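Student: Starting off with a structure, shown below.
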Amino acid sequence: MVPGVGAGVENEGGLEIRLLGPLEVRRGGAELELPASRKVQALLAYLALAPRPVTRAHLVELFWDVPDDPKGELRWCLSKLRRLVDAPQRKRVETEGERVRLELSACAVDALEILHATQEGVETLDAARLAALAQSFAGDFLEGLELDCGPEFQSWLGAQRRRLRGCHAAVLEELAKRAAGADPSAYLEKWLELAPFDRRAHAALLAALARHGRIDEGEEHLARAERLFEAEGLDRAPLREAWRGARAAQEIVRSAESARADERPGAPRRASVAVMPFAAPGESGAPGGPSAGLAQDVISRLAKLRSLFVIGRGTVFALHERGVAPEEAGRMLDVDYVVSGSLARKGRRLSVHVELAEARSARIVWSEVFDRESDDAFAVIEEIGNRIVASVAHEIEAAESARAVLRPPSSLDAWEAHHRGLWHMYRFNSADNAQAQRFFARALELDPTFSRAYAGLSFTHFQNAFLDWAERAPEIERAYAAASQGLLADDRDPAAHWAMGRALWLRGSHPQSLVELERTVDLSPNFALGHYTLSFVHSQSGDANAAVEFSDHSRALSPFDPLLFAMLGARAMGLARLGRFAEAAESGAQAAARPNAHAHVVAIGAYTLALAGRLGEARAHLATIRRSRPGYGIEDFLTAMHFTEDADALFRKAARSTEG
């Protein structure tokens with residue numbers, strides 16, 4: 001057993017399954033004889049990595065084409081598997097009805113150890129565990145085990161091999177970083193074996209060679225690497241720039257970061273993402289197929305958000321055609337995140353599995369499976385594409401914000417300061433809002449052209465005015481001024497138009513507000529906050545039916561959005577104006593129950609519940625508000641909102657009914 005991996009299991013006489021390299025199963029340190037059937041071996045590996053119980057039907061579909069008795073063959077394989085891994089005191093192959101699982105408590109599985117560790121983040125692991133993980137890579141996943149199965153198993157096997165190679169590279173990169181004064185060449189050379197086109201691996205090796213005065217070796221490595229990149233049609237200029245930087249660092253120690261000839265100090269940064277074409281077993285691969293169409297749509301829609309640097313279609317499709325796996329492509333392109341997945345169609349059912357991963361750590365940030373039934377595949381793909389784009393943008397924003405929170409404020413660049421501001425902004429309280437303002441202001445000091453930071457700053461002033469945290473009139477003008485600066489910085493950023501739409505609403509310019517908000521969703525149909533704010537404005541003084549529709553669409557695009565409470569609140573107000581009081585009360589109650597709901601949203605819940613005759617619940621909500629805002633009443637609520645006269649009268653009636 002690898003030291004530190006599955007520690008303590010052997011002392012219990014436990015089971016150890018080694019999937020990295022040729023398959024091995026050990027009990028108490030003694031190697032067990034494997035069943036001769038390669039399908040039994042593959043079944044063991046599949047069940048070991050399955051995150052939840054698997055149906056028999058799925059296993060039959062995965063491992064057998066059309067045998068005479070597929071369920072009988074599966075039963076036979078499971079019986080062989082029981083003989084291998086079960087013990088008198090512990091049954092590991094568990095079946096319940098149509099579901100099968102492998103019970104792995106007190107069992108060491110090397111691949112699972114690797115996947116769990118990288119999901120935690122390799123940077124959080126101590127040196128001993130990192131070294132143990134590196135040693136556990138005895139070879140490729142299920143090395144030498146090839147089966148003549150259908151395309152789904154082959155796709156799964158290839159995906160696991162690529163993912164674990166990515167994990168191996170992440171471990172080696174972290175070990176090389178921590179080598180400090182020691183020579184990291186052994187880690188770097190192994191890293192390059194796994195990812196020969198990873199520019200950062202070449203740059204790290206060149207830097208190590210320069211640091212140790214091995215200039216001739218550095219020149220030789222550079223020449224080999226340039227020939228390798230040139231043969232593959234890849235840009236070799238970054239390699240030479242990295243070598244120049246490494247040499248310059250030895251001559252002038254503090255100038256390493258500014259050595260790249262064409263890089264401007266302090267240049268604005270955005271998170272970068274590559275969207276790889278989706279694997280599609282059985283699809284011809286011809287241009288215009290569903291999988292290619294989905295990837296192209298996600299690329300173009302993400303680019304329209306303008307908050308991310310998105311690698312162009314031509315590059316990722318060219319890498320895909322050359323057989324470059326998503327994990328390797330992410331490292332070759334030196335991006336922060338990679339989107340990949342698979343698409344399968346069976347009759348009317350379309351299934352899309354999508355994954356967002358950090359390119360360098362191999363950590364899965366987000367994963368989802370979309371299953372839809374329809375005769376119109378392209379309509380379904382458009383719907384799924386919308387969800388993917390909104391989810392990817394939201395998850396990257398959340399990951400970048402979480403990372404920025406952990407860094408010392410003085411070390412943040414403009415991008416990080418902006419995301420630190422977002423983290424505070426979405427706490428929805430006065431103290432955090434003030435902190436958010438400071439971080440947005442810092443981002444703009446570092447990059448005065450950063451339109452998203454202006455949008456964030458405008459929103460903090462909006463909150464001050466809307467929630468009575470500061471004098472209303474000056475804050476309204478500050479919200480408008482910041483939004484105006486954002487539009488000057490980037491007139492095509494949907495967030496800039498969103499900020500202006502909110503500021504104009506605060507000013508009472510509702511028609512102009514709607515024009516800006518409609519421009520937001522024209523620029524980026526997947527910008528969920530644009531759809532929500534259209535719902536918010538329409539819910540009070542516009543088309544109430546449109547308010548409900550925009551709210552539903554915003555929630556479909558971003559079902560876990562920090563502003564979900566507001567999306568539900570706008571829906572509740574629109575439904576109340578339509579006289580659909582029971583539905584309004586349900587949405588209002590859901591909005592008020594969200595953990596970050598502020599006083600006005602809880603009031604929406606209270607008043608819509610009152611309109612539906614649920615007075616006890618309505619009064620309980622008002623009591624909740626008054627614990628933090630004594631004396632809060634209908635005038636506070638109506639001052640914040642901009643209702644039509646009939647809607648104003650409706651909510652006043654609701655408030656009176658709670659006073660009895």
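Taken together, the values in this text are just the output of simple stated rules run on the coordinates, not laboratory data. Owing to the predicted nature of the structure, the values given are computational and were not obtained by experimental measurement. Reconstructed Cβ throughout: ideal geometry from the backbone, glycine too, with neighbour counts over all protein chains shown.
Student: Using the Cα centre as the reference, give the magnitude of the dipole from point charges on the C-beta atoms of the chain (Lys, Arg: +1; Asp, Glu: -1; all else neutral), rounded to the nearest 20 debye.
Tutor: Value, rounded to 20: 1220 debye.
Student: Would you work out the charge dipole size for the stretch 272-399 about its Cα centre, treating the Cβ of every Lys and Arg as +1 and the Cβ of every Asp and Glu as -1, and quote it to the nearest 20 debye?
Tutor: For the stretch 272-399, the charge dipole is close to 140 debye.
Student: Loop-only check: which GluC sites (Glu not before Pro) in the stretch 577-660 are DSSP coil with at most 15 other Cβ within 10 angstrom?
Tutor: GLU659
Student: Multiply the residue gap between SER509 and ASP69 by 0.36 nm, knock off their C-alpha separation, and tell me the result in nm, one decimal place.
Tutor: Additional length available on full extension: 151.3 nm.
Student: Sticking with the crude label model, points 7 Å out along Cα→Cβ, report the distance from ARG27 to ARG82 in nm, one decimal please.
Tutor: Using points 7 Å along Cα→Cβ, the separation is 1.4 nm.
Student: I would also like to ask the following. Full-extension gain between GLU94 and ARG407, please, as 0.36 nm times their residue separation minus the C-alpha to C-alpha distance.
Tutor: Value of the extension gain: 108.1 nm.
Student: Quickly work out the ASP126-to-ALA470 label distance, labels modelled 7 Å from Cα along the C-beta direction, and quote it in nm with one decimal.
Tutor: Between ALA470 and ASP126, the simple spin-label model gives 4.7 nm.
Student: Continuing with the same structure: At a threshold of 8 angstrom on Cα-Cα distance, excluding pairs fewer than six apart, so keeping six or more, what relative contact order does the stretch 161-215 reach in percent?
Tutor: For the stretch 161-215, the relative contact order is 30 percent.
Student: DSSP loop (so not H, G, I, E, B), at most 15 other Cβ within 10 Å: list which trypsin sites (Lys or Arg not before Pro) in the stretch 361-408 pass both filters.
Tutor: none
Student: What do you get for Rg/Rh of the stretch 530-660 when both radii come from the Cα atoms and Rh is the Kirkwood radius?
Tutor: 0.94
Student: A follow-up question, please. First check a/c for the stretch 407-525, with a ≥ b ≥ c the square roots of the eigenvalues of its C-alpha gyration tensor; if it is under 1.5, answer rounded, and if not, answer prolate when a/b is larger than b/c or oblate otherwise.
Tutor: In terms of gyration-tensor shape, oblate.
Student: Okay, moving on. Percent antiparallel among DSSP beta bridges with both residues in the stretch 272-399, to the nearest 5?
Tutor: Among the beta bridges of the stretch 272-399, antiparallel pairing accounts for roughly 75 percent.
Student: Lys/Arg Cβ at +1, Asp/Glu Cβ at -1, dipole of the chain taken about the Cα centre: which of MET567, HIS353, ALA186 is farthest positive-ward?
Tutor: Result: MET567, furthest along the dipole toward the positive end.
Student: Can you pull out the GluC sites (Glu not before Pro) in the stretch 106-203 whose DSSP state is coil and whose Cβ has at most 15 other Cβ atoms within 10 Å?
Tutor: Within the stretch 106-203, the qualifying GluC sites (Glu not before Pro) (loop, at most 15 other Cβ atoms within 10 Å) are GLU143, GLU146.
Student: What does the convex hull of the Cα atoms come to per residue for the stretch 272-399, in Å³?
Tutor: 94 Å³
Student: While we're looking at this one, here's another question. Go ahead and estimate [θ] at 222 nm for the chain from helices alone: -39,500 (n - 2.57) per DSSP H run with n ≥ 4, summed, over the residue count, rounded to 500.
Tutor: The helix contribution divided over the chain gives -19000 deg cm²/dmol.
Student: Classify the stretch 10-132 as rounded, prolate or oblate from the Cα gyration tensor: take a ≥ b ≥ c as the square roots of its eigenvalues, call it rounded if a/c is under 1.5, otherwise prolate when a/b beats b/c and oblate if not.
Tutor: Prolate shape, in that a/c is at least 1.5 and a/b is the bigger ratio.
Student: I would also like to ask the following. Sort HIS497, HIS424 so the one with the fewest other Cβ atoms within 10 Å of its own Cβ comes first.
Tutor: Fewest-to-most ranking of HIS497, HIS424: HIS424, HIS497.
Student: Now, a different point. Once you sort the root eigenvalues of the Cα gyration tensor of the stretch 486-575 as a ≥ b ≥ c, which label holds: rounded (a/c under 1.5), prolate (a/b larger than b/c) or oblate (the other case)?
Tutor: oblate
Student: Going from the alpha-carbon gyration tensor of the chain, what semi-axes, largest first and in whole Å, does one get by taking the root of 5 times each eigenvalue?
Tutor: Three semi-axes, in Å: 48, 34, 24.
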